[in-house]
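Notes follow the structure.
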Amino acid sequence: MSDCVFCRIVAKEIPAKEVARTRDLVAFHDLNPQAPIHVLIVPAQHLVNAAAADSEAGERVLGQALRFAVQVAAQLGLSEGGFRLVLNNGPNGGQSVDHLHVHLLGGRRMTWPPG
């Protein structure tokens, strides 16, 4: 999708501070971090949100994204102390970019409720 900022980051048309990349996923630092470590895990395939992933193919994408997020957390040294994974869905869920993504937050104690 040519007007999607995350699609353009995946295509390397827009620079991002990448942490890791596979054929299907890209992890990069968030431009507006909400924790000392705030990385976004973005599938290369454009899906608007988690609700759009309600299919067998979407299930694979979500599973791969979560597994990749755990691997990136380990790479960043977050496994022992812990981390938070967040999926926002739609405007009322706090989603600001219409491309499925997982937030990986760490480097400090997370509080509850989150906001």
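One table, with the values for the structure above:
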item: Dipole-positive endmost among 52, 41, 88 within the chain (Cβ charges, Cα centre); result: 41
item: Contour minus Cα-Cα distance for residue 67 and residue 4 (0.36 nm per residue); result: 20.3 nm
item: Using distinct alpha-carbon pairs, which all enter the 1/r mean, Kirkwood radius of the chain in Å; result: 14.4
item: Within the chain, helix-based [θ] at 222 nm, where runs of 4 or more DSSP H residues each add -39,500 (n - 2.57), nearest 500; result: -7000 deg cm²/dmol
item: Most mobile listed residue (105, 76, 66) in the chain, GNM with C-alpha springs under 10 Å; result: 76
item: Long-range amide H partners of residue 26 with built H, under 5 Å; result: 42, 44
item: Whole-Å distance, taken between Cα centres, linking segment 49-67 and segment 11-25; result: 19
item: Ranked 104, 87, criterion: other C-beta atoms within 10 Å, fewest first; result: 87, 104
item: Estimated FRET transfer efficiency when R0 is 25 angstrom, pair residue 46-residue 108 (beta carbons, to 0.05); result: 0.20
item: Inter-label distance, nm, simple model (7 Å from Cα along the C-beta direction), residue 79/residue 29; result: 2.3
item: The chain, dipole about Cα centre (Lys/Arg Cβ +1, Asp/Glu Cβ -1), debye to the nearest 20; result: 380
item: GNM top mover of 98, 24, 54 - the chain, alpha-carbon springs below 10 Å; result: 54
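Read-outs throughout are calculated quantities, based only on the coordinates presented, and are distinct from any laboratory measurement. Treat the numbers as computed from the prediction; the structure is a model and nothing was measured. Every residue, glycine among them, receives a Cβ derived from its backbone with ideal geometry; neighbour counts consider all protein chains shown.
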